[in-house]
Amino acid sequence: MVYLTRLEHFNAAHKLYNPNWSKEQNDAVFGVCANENWHGHNFDLYITIKGTVDPDTGFLMDVKKLSKLVQEKVIKKVDHKNLNLDVDFLRGKMCSTENLAMGIWHELAPHLPEHVKLHCVKLYETQRIYVEYFGD
Ligand SMILES: Nc1nc2c(c(=O)[nH]1)N=C([C@H](O)[C@H](O)COP(=O)(O)OP(=O)(O)OP(=O)(O)O)CN2
């Protein structure tokens, strides 16, 4: 088994806001990330796939093709977008890094070639905050 990782990048705006709560409760739980405080992040997205190497190419998968797939299925949907308002796979969910990483997994996994499995979605929201998701 070999693991291959591709780093992609996007930036997006969001706020942490639960519409079922009062302004005060949102403030208390989410602090500066809540209510009218829209803000942006430069996200780094590490996509790791796993499988066996094709002896003819030496590749698990051509990483340029992996990058194109991630661009098409994920980056196009989130880059320069408002995560709370614009992204279909986050609709009705809180725009946390956890939910974003899980959403990205479900957007991408069904589109990988059959011989390749998604191993990890690692998403940095800031240099100091990241989430790793390994599937259900
Ligand atoms: N479990 C989670 N906790 C928090 C999340 C999250 O997605 N999951 N997100 C946030 C905010 O989005 C917040 O904007 C994080 O950014 P920031 O405060 O800039 O983060 P840093 O800790 O890296 O920056 P400092 O300058 O060190 O505070 C909050 N919590």
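Specify which residue in the list Asn20, Phe43, Leu7 is farthest towards the positive end of the charge dipole of region 1-47, using unit charges on the beta carbon of Lys, Arg (+1) and Asp, Glu (-1), about the Cα centre.
Ranked along the dipole, the leading option is Leu7.
Using a 7 Å offset from Cα along Cα-Cβ at Asn20, what residues in region 93-124 end up with backbone N under 17 Å from the label point?
93-96, 99
Taking θ as phi - 60°, what are the ³J(HN,Hα) couplings along region 32-41 by the Karplus curve (6.51, -1.76, 1.60), each to the nearest whole Hz, with x for Gly and Pro?
5, 7, 9, 6, 7, 8, 4, 8, x, 9
Using 0.36 nm per residue of separation minus the Cα-Cα distance, give me the extension gain between Trp38 and Asp86 in nm, one decimal.
Extra length available between Trp38 and Asp86 comes to 15.9 nm.
Out of residues 5 or more away from Lys81 or on other chains, whose amide H comes under 5 Å of its own, with H placed 1.01 Å from N in the peptide plane?
Ala13
Anything over 23 Å Cα to Cα? Flag those among Lys15/Lys93; Lys15/Lys81; Lys15/Lys122; Lys23/Lys76; Lys15/Lys50, in the order listed.
Exceeds cut-off: Lys23/Lys76; Lys15/Lys50.
Give me the dipole magnitude in Debye, nearest 20, for region 2-133 about the Cα centre, with unit charges on the beta carbon: positive for Lys and Arg, negative for Asp and Glu.
80
Provide the packing ranking of 69-77, 30-38, i.e. peptides ordered by the mean count of other C-beta atoms within 10 Å per residue, highest first.
69-77, 30-38
With each label point set 7 Å from Cα along the Cα-Cβ vector, what nm distance links Lys93 and Thr48?
Calculated label separation equals 2.0 nm.
Let me cross-check Met61: its accessible surface, 1.4 Å probe, with only protein heavy atoms counted, in Å² to the nearest 10?
Surface open to solvent at Met61 totals about 20 Å².
May I ask you to evaluate 6.51 cos²θ - 1.76 cosθ + 1.60, the Karplus curve with θ = phi - 60°, for each residue of region 18-25 and list the ³J(HN,Hα) values in order in whole Hz, giving x for glycine and proline?
9, x, 7, 10, 6, 4, 5, 5
How far is the Cα center of region 1-44 from the Cα center of region 91-106, in Å?
Between the Cα centre of region 1-44 and that of region 91-106, the gap is 10 Å.
Per residue, how much accessible surface does the chain expose to a 1.4 Å probe? Answer in Å², no decimals.
Per-residue accessible area for the chain comes out at 59 Å².
Can you give me the relative contact order of region 41-121 as a percent, contacts being Cα pairs under 8 Å and 6 or more apart?
Across region 41-121, relative contact order equals 45 percent.
Report, by chain and number, residues whose modeled amide H sits under 5 Å from the one on Phe43, excluding near sequence neighbours (fewer than 5 apart, same chain).
Counting only residues 5 or more places away or on other chains, the set is Phe10, Asn11, Ala12.
In terms of the ratio Rg/(2.2 N^0.38 Å) built on C-alpha atoms, what value belongs to the chain?
1.17
Starting from the Cα gyration tensor of region 1-80, take the square roots of the eigenvalues, sort them a ≥ b ≥ c, and report rounded, prolate or oblate (rounded when a/c is under 1.5, otherwise prolate if a/b is larger than b/c, else oblate).
prolate
In whole Hz, with x marking every Gly and Pro, tabulate ³J(HN,Hα) for region 4-10 from phi via Karplus 6.51 cos²θ - 1.76 cosθ + 1.60, θ = phi - 60°.
10, 10, 10, 9, 10, 9, 8
Calculate, in nm to one decimal, what Asp56 and Lys68 gain on full extension: separation in residues at 0.36 nm each, minus their alpha carbon distance.
2.1 nm
The values are calculated or read from the model by the stated rules, or taken from the named source; none is laboratory data. All values reported here derive from a predicted model rather than from experimental measurement. Virtual Cβ from ideal backbone geometry, glycine too; neighbours counted across all protein chains shown. Only protein heavy atoms, including side chains, enter the accessible area calculation; ligands, DNA and RNA are left aside. Shrake-Rupley method; radii C 1.70, N 1.55, O 1.52, S 1.80 Å.
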